[in-house]
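Worksheet for the structure shown next.
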Amino acid sequence: MITDQGQKVSALWSRLAVTADGAFAFLKDRGIAPDTAQADDLHAIDMIHMGGVAATDKLAALAGITAGQHVLDVGSGVGGPARRLASRFGADVCGIELSEALHGTGETLTRLVGLAGSVRHVRGNALSFPFEDAIFDAVIMQHVAMQIDEKDRLFAELARVIKPGGCLALHELFSGAGKIHYPLPWATEPSMSALEPIDACTSRLAGLGFTVGPFTDESEEGRLYHASNVAAYDRALAADEGALGLTVDATKVRRAASAAMEHNLASGSIKVGLLVARRVA
């Protein structure tokens, strides 16, 4: 069962994420024939989270992702992080994504860069995984929990599929102090958002039997990321073009969300950072 909130968020991302056609146009604009593209060629457009590929690399390093590990990427979007974990770290990755549009784009781009043998895409719901218990060495989740109200159910599912001794690696957003300005990248209005304080998350993880590592606050890095995005969107829109493989309309929406996020991160009303929790063996 997909919640009303999930349907709204999925529909929003289906409108705002890069499409396969947009990715092909992006490659051609840079003189790259799509049939020669590598995973690295797509990472400027297929990472739907603050910090892009650098943030995914940092999270994977903190989690200790190594070759041959079985890794689940929750809320995998168009597949950028899953492809990075496979191509850079050698993991065997499964990405699960709620949006049919993003799932389809992810499959197409993974085939395009020749990673279908090490990256599998599943369309599914993070509140009810279609997986057996304790089958993943690590679960990665970037910018997902803030979109889901049912956090006890979400984190219980995450814990269920992680092997004893395995880890949950989070790159997530949390509520801070002060008023939050909208629109957000995942929410045009408050009912679509589900931010919580970092302490609530760490307490829940401890209660599920995880040893919780320190929170690495990346809020300033996130602010600079969104400031850079606003500048890039403004340059594209000044030329009546979309940015980074997006349509003009999607660029306008993403620009407004990045401007609000730059303000929220600067004021401390939203925080973003990295956290690795290990399931007790």
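The values are calculated or read from the model by the stated rules, or taken from the named source; none is laboratory data. Computed from a predicted model, the values in this text were never measured in an experiment. Here the Cβ positions follow ideal geometry from the backbone for every residue, glycine too, while neighbour counts run over all protein chains shown. With ligands, DNA and RNA removed, areas are computed over all heavy atoms of the protein, side chains included. Shrake-Rupley method; radii C 1.70, N 1.55, O 1.52, S 1.80 Å.
Per-residue HN-Hα couplings for region 36-45, Karplus 6.51 cos²θ - 1.76 cosθ + 1.60 at θ = phi - 60°, whole Hz, x for Gly and Pro?
10, 5, 10, 4, 4, 5, 9, 5, 6, 10
Using Cα-only point scatterers and the Debye equation, what is log10 of I(q)/I(0) for region 113-258 at each q in 0.11 Å⁻¹, rounded to two decimals?
-0.56
Return, ordered by residue number, the residues of region 238-255 whose backbone nitrogen is under 17 Å from a label point located 7 Å along Cα→Cβ of Gln38.
No residue passes the distance filter.
To the nearest 20 debye, what is the magnitude of the charge dipole of the chain about its Cα centre, counting +1 on the Cβ of each Lys and Arg and -1 on the Cβ of each Asp and Glu?
220 debye
How many nm separate the modelled label positions at Leu224 and Asp4, each set 7 Å beyond the Cα in the direction of the Cβ?
Label-label distance for Leu224 and Asp4, simple model: 4.2 nm.
Take every Cα pair under 8 Å in region 205-260 that's 6+ residues apart, average their separations, divide by the length, and report that relative contact order as a whole percent.
This gives 28 percent for region 205-260.
Rounded, prolate or oblate: pick one for the chain, where a ≥ b ≥ c are the square roots of the eigenvalues of its C-alpha gyration tensor, a/c under 1.5 means rounded, and failing that, prolate if a/b is larger than b/c, else oblate.
Since a/c reaches 1.5 but b/c is at least a/b, the shape of the chain is classed as oblate.
Apply the a/c threshold of 1.5 to the C-alpha gyration tensor of region 239-281 and tell me whether it is rounded, prolate or oblate.
Oblate, since a/c reaches 1.5 and b/c is not below a/b.
Pop out the carbon and sulfur fraction of the accessible area of region 123-247 as a percent, whole number, probe 1.4 Å.
So the carbon and sulfur contribution to the accessible surface is 53 percent.
Region 178-237: which trypsin sites (Lys or Arg not before Pro) are DSSP loop and have at most 15 other beta-carbon atoms within 10 angstrom?
Lys179
Charges only on Cβ, +1 for Lys and Arg, -1 for Asp and Glu: so what's the dipole of region 32-166 about the Cα centre, in debye to the nearest 20?
200 debye
In the calculated pair distance distribution of region 1-130, what percentage of Cα-Cα distances lie above 17 Å?
That tail contains 56 percent of the Cα-Cα pairs.
How much solvent-accessible surface does Asp240 expose, in Å² to the nearest 10, with a 1.4 Å probe and all protein chains in place?
120 Å²
Can you send over the solvent-accessible area of Tyr225, 1.4 Å probe, protein chains only, in Å² to the nearest 10?
Its heavy atoms expose roughly 60 Å² to the probe.
With a probe of 1.4 Å, find how much accessible area the chain has per residue, and write the answer as a whole number in Å².
41 Å²
For Cα pairs less than 8 Å apart in space and 6+ apart in sequence, what is the mean separation divided by the residue count of the chain, i.e. the relative contact order in percent?
In percent, rounded to a whole number, it is 21.
With the contact rule set at Cα under 8 Å and sequence spacing of 6 or more, what percent relative contact order holds for region 26-85?
Taking the mean separation of contacting Cα pairs over the length of region 26-85, I get 40 percent.
What net charge is computed for the residues neighbouring Phe210, neighbours being all others with C-beta under 11 Å from the C-beta of Phe210, Lys and Arg scored +1, Asp and Glu -1?
Local charge sum for Phe210: +3.
FRET efficiency for Thr66 and Phe131, Cβ-Cβ distance as r, R0 = 35 Å, nearest 0.05?
E between Thr66 and Phe131, to the nearest 0.05, is 0.95.
Considering amide H positions built from the backbone, and no H for Pro or chain starts, which residues 5 or more places from Ala91, or on another chain, come under 5 Å of its amide H?
For Ala91, whose amide H was placed from the backbone, the distant partners under 5 Å are Gly68, Ala86.
Rounded to the nearest Å, what's the spacing between the alpha carbon centres of region 1-39 and region 45-77? Just the number, please.
17 Å
So what's the net charge close to Ala11: Lys and Arg +1, Asp and Glu -1, counting the other residues with Cβ under 12 Å from its Cβ?
Cβ neighbours under 12 Å give a net charge of 0.
Compare the Cα positions of Ala20, Leu237, Thr56 along the charge dipole of the chain (+1 at Cβ of Lys, Arg; -1 at Cβ of Asp, Glu; about the Cα centre) and return the one farthest towards the positive end.
Thr56
Rounded to the nearest Å, what's the spacing between the alpha carbon centres of region 213-256 and region 119-168? Just the number, please.
If we compute the Cα centre of each part, the gap is 28 Å.
Under 19 Å from the 7 Å Cα→Cβ point of Asp234, by amide nitrogen: which residues of region 10-28?
Correct set: none at all.
Taking a 22 Å limit on the Cα-Cα distance, which of the listed pairs Lys151/Lys271; Lys8/Lys252; Lys8/Lys163; Lys179/Lys271; Lys58/Lys271 fall beyond it?
Over 22 Å Cα-Cα: Lys8/Lys163.
Just to check I understand the Karplus step: with θ = phi - 60° and J = 6.51 cos²θ - 1.76 cosθ + 1.60, what whole-Hz values come out for region 163-175, glycine and proline as x?
Along region 163-175, the couplings run 5, x, x, x, 10, 10, 10, 10, 10, 10, 9, 9, 6 Hz.
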